[in-house]
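Participant: Okay, handing you the structure first.
The values are calculated or read from the model by the stated rules, or taken from the named source; none is laboratory data. The structure displayed is predicted, hence computed values, not measured ones. Methodologically, a virtual Cβ is constructed for each residue, glycine included, from the backbone with ideal geometry; neighbour enumeration extends over all protein chains shown. Calculation scope for accessible area: heavy atoms of the full protein, side chains included, ligands and nucleic acids excluded. Shrake-Rupley method; radii C 1.70, N 1.55, O 1.52, S 1.80 Å.
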Amino acid sequence: PASPRAVAGTEIPAVASVHGYGESGIGSAIMDQTVGPTLLGAKPEAKSAEELSAEAVTIGGGGDGAPPVALLATLTKCRGHLSRGDILEAERELLDAIAAWEAADSDKEAQAGRATDMEALRASPEYSQTLALLRKLQSAAWCQGRSGGEPVEGDSLWRLGVDMHVDPQAFGFPADPRGPSPTFDIKIFYRMVGKRVDIRCDCSVPTPEGGPVTPDIVLIGWTAMWEETALWETWHPVIAKGGAVTVGEQSKHRKMWFIPSSVFFKKEVSLEEVFIAYDHEAGTFTMVTSGLPPDDPAWKQHQKPASFTPSPFIVQTRIFIRPRKDFTSFEVQASAEAPFHIPDILMRWVTSWFLPELTKRILKAAAKCAISTDAPHSIGIAADRHGTYAECRRLVQSGVAMDQNADTPGRWSLLAYEAAAGSSPGVKGL
């Protein structure tokens, strides 16, 4: 079928460019759906040929010459992408089916049949799960463009916690033989909202063309810190020895891990579900981690590290990165919610020591990760067991190409389609 980007006839913003504070977690939200309690490690249930045949619905087939698109085939492919955590490919399968339907031209009776088929598509668990996960990605940029001290959504004001002027060479990045290396600023803001604390960091790392610090180095260095979980202690100030502990099946798109930490002599552990999207059409990297509460079924499915108690804090982290030719921008937000009001002494510790220390360690680790061939992370980067670093390199090429081709069209979004279809049922949509 024709590409939906050609069919739509209008530019729709990339998923991550739409702001809005998303759901706190996906683990329990899609219980009893086809893919299972959490998408990580879940696989589609095996079905007989008779069951599959009974599910088959045809969209857009007919005498008008349009190729038939089997709803069964679309949902089967979408389910496979979801089981691997590849949210954008699941979205693409659904959009291609919608595009074929929108492009077809036939009599009123055939159009009515296709409208019924599309309602069946929108009612499917695969469609619902894809929308839920896209909303999680969308939430990654909810505070994009905000400035410190600006009121947001009626909440309290952001306060400046860290204001650091960074010379890349001081943290191990190579010197630029052409002259002084460009510096940059890192500002970290925080705010208290009831029992929740939000922390936000915005920065833009210079990666001038021909310089020693390239977008590849920055993105791969950042990604390696998270990907090589056993080495988290090289940059995480309070992680327990041995780093994060992965559980279940892992891929470049999805992960699940226990995060054991020791703070104020307390040994606590969190369980997080992670989704990563490499959007080559928008040139963006999006990573969303969702802390799962202790009553989530995933805690029973996986054995937590011994001698650690579940943390009372449920942390959600959203990371949005744009690699471009001359800079790589970061927008990071973490929200931690507790069953109690967070004491002032804890916030003073976070802003006076934890955040500055974390920032310094991240910079040093990122420099070593992508530059030094004898750094601990270099073995994992070379092995690239999930294809993560190869995907990052391709994403950098996509981002740089966007700088060179200013007229690159935006992505067609399933969220935008659903908004149009939901507000105007039966109306041909975008």
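Participant: Out of all the residues in region 160-171, which are surrounded by fewer than 14 Cβ atoms within 10 Å (Cβ to Cβ), part of a strand (DSSP E or B) and either in contact with a Leu (Cβ under 9 Å, 6 or more places away or on another chain) or of a type outside the set (A, V, I, L, M) (or both)? Step through it out loud before you land on a result.
Facilitator: If we filter region 160-171 for residues that are surrounded by fewer than 14 Cβ atoms within 10 Å (Cβ to Cβ), which is where we start, we get 160, 163, 165, 167, 170.
Restricting the remaining residues to those that are part of a strand (DSSP E or B) gives 160, 163, 165.
Within region 160-171, ASP163, HIS165 meet the criteria.
Participant: Give just the number: which of (1) of a type in the set (Val, Ile, Thr); (2) open to solvent by 30 Å² or more (accessible area, probe 1.4 Å); (3) touching a strand residue (DSSP E or B) at 6+ places or on another chain (Cβ under 8 Å); (4) in contact (Cβ under 8 Å) with a residue 40 or more places away in the chain does THR246 not satisfy?
Facilitator: (4)
Participant: For PHE354, indicate whether it is closer than 30 Å to PHE173 by Cα and modelled with pLDDT of 90 or more.
Facilitator: Numbers: closer than 30 Å to PHE173 by Cα: yes; modelled with pLDDT of 90 or more: no.
Against the criterion (closer than 30 Å to PHE173 by Cα and modelled with pLDDT of 90 or more), PHE354 does not qualify.
Participant: Is there any pair linking a residue in region 75-96 that is free of Cβ contacts under 8 Å to residues at least 12 places away in the same chain to one that is surrounded by 23 or more Cβ atoms within 10 Å (Cβ to Cβ) and not in a helix (DSSP H, G or I), with Cβ under 7 Å and at least six apart or on different chains, and which?
Facilitator: Hits for this filter: zero, empty list.
Participant: THR309 is checked against (1) open to solvent by 20 Å² or more (accessible area, probe 1.4 Å); (2) out of contact with any Gly (no Cβ under 9 Å at 6 or more places or on another chain); (3) under 15 Å from GLY221 (Cβ atoms) and fails just one. What number does that condition carry?
Facilitator: (3)
Participant: For the list (1) open to solvent by less than 30 Å² (accessible area, probe 1.4 Å); (2) closer than 20 Å to GLY243 by Cα; (3) part of a loop (DSSP other than H, G, I, E, B), I need the number of the one condition that ILE342 fails.
Facilitator: Status for ILE342: all satisfied but (2).
Participant: Inspect region 189-208 for any residue being surrounded by 15 or more Cβ atoms within 10 Å (Cβ to Cβ), in contact (Cβ under 8 Å) with a residue 60 or more places away in the chain, assigned to a loop (DSSP other than H, G, I, E, B) and not basic (Lys, Arg) and give the result as yes or no. Spell out the reasoning first.
Facilitator: In the first step, residues of region 189-208 are kept if they are surrounded by 15 or more Cβ atoms within 10 Å (Cβ to Cβ); the result is 189-192, 196-208.
With in contact (Cβ under 8 Å) with a residue 60 or more places away in the chain added as a condition, the list becomes 190, 192, 196-208.
Imposing the further condition that a residue be assigned to a loop (DSSP other than H, G, I, E, B) reduces the set to 207-208.
Restricting the remaining residues to those that are not basic (Lys, Arg) gives 207-208.
Within region 189-208 (the criterion being surrounded by 15 or more Cβ atoms within 10 Å (Cβ to Cβ), in contact (Cβ under 8 Å) with a residue 60 or more places away in the chain, assigned to a loop (DSSP other than H, G, I, E, B) and not basic (Lys, Arg)), the answer is yes, since at least one residue qualifies.
Participant: Out of THR116, THR130, which single residue is crowded, with 16+ Cβ neighbours inside 10 Å, modelled with pLDDT of 65 or more and not in a loop (DSSP other than H, G, I, E, B)? Let's see the steps before the verdict.
Facilitator: Numbers: THR116 fails: crowded, with 16+ Cβ neighbours inside 10 Å.
Exactly one of THR116, THR130 is crowded, with 16+ Cβ neighbours inside 10 Å, modelled with pLDDT of 65 or more and not in a loop (DSSP other than H, G, I, E, B), namely THR130.
Participant: Something else about it: Can LYS241 be described as open to solvent by 20 Å² or more (accessible area, probe 1.4 Å), at pLDDT below 95 and of a type in the set (Lys, Arg)?
Facilitator: The answer is yes for LYS241.
Participant: Can you find, within region 397-423, the residue that is modelled with the highest pLDDT among those that are outside any helix (DSSP H, G or I) and open to solvent by less than 70 Å² (accessible area, probe 1.4 Å)? First the steps, then the outcome.
Facilitator: Step one: of region 397-423, the residues outside any helix (DSSP H, G or I) are 405-413.
Right, trim to open to solvent by less than 70 Å² (accessible area, probe 1.4 Å) and you get 408, 410-413.
Details: THR408: 56, GLY410: 59, ARG411: 63, TRP412: 72, SER413: 86.
The qualifying residue modelled with the highest pLDDT is SER413.
Participant: Mind checking which residues of region 244-264 are closer than 14 Å to ARG385 by Cβ, within 17 Å of the chain's Cα centre (by Cα) and part of a strand (DSSP E or B)?
Facilitator: Scanning region 244-264 gives a single hit, LYS255.
Participant: How many residues does region 303-326 contain that are more than 18 Å from the chain's Cα centre (by Cα) and basic (Lys, Arg)?
Facilitator: From region 303-326, those more than 18 Å from the chain's Cα centre (by Cα) are 303-313, 324-326; that's our starting set.
Those still in the list that are basic (Lys, Arg) too: 304, 324-325.
Residues meeting the conditions: 3.
Participant: Still on this model: Would you mind telling me which numbered condition in (1) surrounded by 21 or more Cβ atoms within 10 Å (Cβ to Cβ); (2) over 15 Å from ALA365 (Cβ atoms); (3) at pLDDT 90 or above ALA282 fails?
Facilitator: (3)
Participant: What's the number of the condition VAL274 fails, among (1) modelled with pLDDT of 95 or more; (2) under 30 Å from ARG322 (Cα atoms); (3) not in a strand (DSSP E or B)?
Facilitator: (3)
Participant: Taking PRO294, is it touching a strand residue (DSSP E or B) at 6+ places or on another chain (Cβ under 9 Å), open to solvent by 20 Å² or more (accessible area, probe 1.4 Å) and in contact (Cβ under 8 Å) with a residue 60 or more places away in the chain? Please lay out each step first, then the result.
Facilitator: On the way: touching a strand residue (DSSP E or B) at 6+ places or on another chain (Cβ under 9 Å): yes; open to solvent by 20 Å² or more (accessible area, probe 1.4 Å): yes; in contact (Cβ under 8 Å) with a residue 60 or more places away in the chain: no.
Taking the combined requirement at face value, the residue does not satisfy it.
Participant: I'd like to know if region 319-335 contains one or more residues that are among the charged types (D, E, K, R), assigned to a helix (DSSP H, G or I) and open to solvent by 30 Å² or more (accessible area, probe 1.4 Å). Break it down stepwise before answering.
Facilitator: Start the filter on region 319-335 by keeping residues that are among the charged types (D, E, K, R), which leaves 322, 324-326, 331.
From what is left, the residues that are assigned to a helix (DSSP H, G or I) are none.
No; the residues of region 319-335 include none that is among the charged types (D, E, K, R), assigned to a helix (DSSP H, G or I) and open to solvent by 30 Å² or more (accessible area, probe 1.4 Å).
Participant: Something else: Give the residues of region 368-392 that are assigned to a helix (DSSP H, G or I) and either loosely packed, with under 15 Cβ neighbours inside 10 Å or among the small types (Gly, Ala, Ser) (or both), sorted by residue number.
Facilitator: First pass over region 368-392, keeping only residues assigned to a helix (DSSP H, G or I): 368-371, 376-383, 388-392.
Matches in region 368-392: ALA370, SER378, ILE379, GLY380, ALA382, ALA383, ALA390.
Participant: Quick one: would you say HIS253 is crowded, with 20+ Cβ neighbours inside 10 Å, over 26 Å from LEU355 (Cα atoms) and not basic (Lys, Arg)? Even if it seems obvious, please write down each step before you answer.
Facilitator: Details: crowded, with 20+ Cβ neighbours inside 10 Å: yes; over 26 Å from LEU355 (Cα atoms): yes; not basic (Lys, Arg): yes.
Spelling it out, HIS253 is indeed crowded, with 20+ Cβ neighbours inside 10 Å, over 26 Å from LEU355 (Cα atoms) and not basic (Lys, Arg).
Participant: Among the numbered criteria (1) at pLDDT 90 or above; (2) part of a loop (DSSP other than H, G, I, E, B), which one does ASP185 miss?
Facilitator: Failing condition for ASP185: (2).
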